[in-house]
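All remarks here apply to the structure that follows.
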Amino acid sequence: MSELPLQTPVSEADRHDRLKDAVNTVNSIIMGKTQQVKLAFSCLLARGHLLIEDLPGVGKTTLAHALAAVIGVRYQRIQFTSDLLPADILGVSVYRRDQEKFEFHPGPIFAQLVMADEINRATPKTQSALLEAMAEGQVTIEGQTHALPKPFFVIATQNPLDLGGTFPLPDSQLDRFLLSISLGFPEPEVERELLTARDRSLMLRDTRPCVSPDDVLLLGLDCQKVHVSAALLDYVQALLAGTRSNRWFETGLSPRAGIAMLQCCKAYAYLEGRDYAIPEDVKAIFPSLTRHRMSVPHGMETSVNEQIADLLNQVAIP
């Protein structure tokens, strides 16, 4: 794919076409995971952050690299470890003797797409260094507030099976992630193609931006124009009420999660090429929006995923 003249102003239709090119390019790299790729783009356009919980080697880092490549943003990968300090993420102020003043040296958080790899290996104090950045797009260091670049998108990974030496993310941190996805193992025919196809790292190296960072911001505004009917709002509220009934989950979704659901639903509909949202859009994003925020009541033998499926089956579509 040839590099586009990203500085030239484009219409909304042209931006949407470029977005489709970006999605197709990522799908050609992360093969057989079209739904997960669509959810990742929905999260980006809804100005949220993405959590990927999966085994090593299934493509989590490749997905982050591919997204950064097609949208032409500055990318930083932070390997979280038990000895990582907040300053290693945010940056430090260094005293300049020749100027007799402190000079701020920004850390890797000052990128447009940040991958927090194995985030649950860091201590809670280090994990909390991301809270202000993810919630407000800024960081405060020694009383000085520094704005982060736009767009700002965090992709965090964690291994659900590796519990030794990890610090589970608190609910306040989990709630900052708009969606949680799992890539899983590829289908046999897809894996065969992966085994014989060109190396992914070479494909990433040759990938050119399909949209610009400014386009991403404008596409986010385009998504906000997607129409949501009163009947669809009724359905969203019915799902929110269902999560709070204590029948399926220990605690319900917050109003902030409800707003995030609506934003992500609009982005998903936009990716589908519609200027209106439908219940199927809500059902498509609901499991990924819910699974990392919910827990099953004590004593129940079903999983969170099973409870989500039951709730979606039992809440009627208006």
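The values are calculated or read from the model by the stated rules, or taken from the named source; none is laboratory data. The structure displayed is predicted, hence computed values, not measured ones. Virtual Cβ from ideal backbone geometry, glycine too; neighbours counted across all protein chains shown. Side chains are part of the model used for accessible areas, which takes the heavy atoms of the whole protein and leaves out ligands, DNA and RNA. Shrake-Rupley method; radii C 1.70, N 1.55, O 1.52, S 1.80 Å.
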Report task. Can you figure out the FRET efficiency of residue 241 with residue 27, using R₀ = 45 Å and their beta-carbon distance, to the nearest 0.05? Result -> 0.80
Requested in this report: Under a 10 Å cutoff between Cα atoms, tell me which one of 48, 143, 32 has the largest fluctuation in the Gaussian network model of the chain.
Outcome: 143
Report task. Compare 201, 254 by solvent-accessible area with a 1.4 Å probe and give them largest first, with all protein chains kept in place. Result -> 201, 254
Report task. Take every Cα pair under 8 Å in the chain that's 6+ residues apart, average their separations, divide by the length, and report that relative contact order as a whole percent. Result -> 23 percent
Query raised in the report: Say the dipole of the range 50-172 comes from +1 at the beta carbon of Lys and Arg and -1 at that of Asp and Glu; which of 111, 55, 90 then lies farthest toward its positive end?
Result: 111
**Report entry** Within a Gaussian network of the chain (alpha carbon springs, distance under 10 Å), most fluctuating of 273, 137, 220
**Finding:** 273
Report summary line: Quotient of Cα radius of gyration and Kirkwood radius for the range 66-189, i.e. Rg/Rh, equals 1.02
Requested in this report: With a 10 Å radius around each residue's Cβ, average the other Cβ atoms per peptide and rank 21-29, 168-176, highest first.
Outcome: 21-29, 168-176
Requested in this report: Note down the magnitude of the dipole of the range 83-124 about its Cα centre, charges +1 on Lys and Arg C-beta and -1 on Asp and Glu C-beta and zero elsewhere, to the nearest 20 debye.
Outcome: 140 debye
Report summary line: For residue 101 and residue 144, extending 7 Å from Cα along the Cα-Cβ vector and measuring point to point gives, in nm, a value of 0.9 nm
Report summary line: With every protein chain in place, the accessible area of residue 302 for a 1.4 Å probe, in Å² rounded to the nearest 10, comes to 50 Å²
Report summary line: So the compactness index of the range 203-293, its C-alpha Rg divided by 2.2 N^0.38 Å, takes the value 1.29
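Using a Förster radius of 30 Å, what is the FRET efficiency between residue 128 and residue 259 based on their Cβ-Cβ separation? Nearest 0.05, please.
After rounding to 0.05, the efficiency reads 0.85.
Can you compute the charge dipole magnitude of the range 109-163 about its Cα centre, using +1 on each Lys and Arg Cβ and -1 on each Asp and Glu Cβ, nothing else charged? Give it in debye, rounded to the nearest 20. List each step's numbers first, then the result.
Details: 3 positive and 6 negative charges, 12 e Å.
The calculation lands at about 60 debye.
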Query raised in the report: With point charges of +1 on the Cβ of Lys and Arg and -1 on the Cβ of Asp and Glu, referenced to the Cα centre of the chain, which listed residue (216, 195, 127) lies farthest in the positive direction of the dipole?
Result: 216
Requested in this report: Sort 146, 65, 49 from largest to smallest accessible area, using a 1.4 Å probe on the heavy atoms of the protein chains.
Outcome: 65, 146, 49
Query raised in the report: What is the local net charge at residue 34, summed over the other residues whose Cβ is closer than 13 Å to its Cβ (Lys, Arg +1; Asp, Glu -1)?
Result: +1
Requested in this report: With a 1.4 Å probe and every protein chain left in place, work out the accessible area per residue of the chain in Å², rounded to a whole number.
Outcome: 49 Å²
**Report entry** Lys, Arg +1 and Asp, Glu -1 on Cβ, resulting dipole of the chain about Cα centre, debye, nearest 20
**Finding:** 300 debye
Requested in this report: Could you work out how far apart the two model spin labels at residue 85 and residue 17 are, taking each label as a point 7 Å from the Cα in the direction of the beta carbon, and quote it in nm?
Outcome: 5.2 nm
Report summary line: For the range 77-124, the percent of all C-alpha pairs falling in each 10 Å bin, from 0 up to the bin holding the max distance, is 26, 42, 21, 11, 0
**Report entry** Largest-first principal axis extents, alpha carbons of the range 160-248, Å
**Finding:** 49, 42, 29
Query raised in the report: Based on the alpha-carbon gyration tensor of the range 1-140 and its eigenvalue square roots a ≥ b ≥ c, which shape applies: rounded if a/c is under 1.5, prolate if not and a/b is larger than b/c, or oblate?
Result: oblate
Query raised in the report: Extension gain residue 135-residue 283, at 0.36 nm per residue separation less the Cα-Cα distance, in nm?
Result: 50.8 nm
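How much net charge surrounds residue 90 when only the other residues with a Cβ under 11 Å from the Cβ of residue 90 are counted, with Lys and Arg +1 and Asp and Glu -1?
Values: positive: none; negative: 88, 132, 142.
So the surrounding residues net to -3.
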Query raised in the report: Computed over the Cα atoms, what is the radius of gyration of the chain divided by 2.2 N^0.38 Å, N being its residue count?
Result: 1.03
Query - Gaussian network model of the chain, Cα within-10 Å springs - most flexible of 112, 99, 263 - result: 99
Report task. Using a 1.4 Å probe and counting only protein heavy atoms, arrange 157, 140 so the residue with the most accessible area comes first. Result -> 140, 157
Query raised in the report: If r is the Cβ-Cβ distance from residue 194 to residue 159 and R0 is 22 Å, what FRET efficiency results, to the nearest 0.05?
Result: 0.60
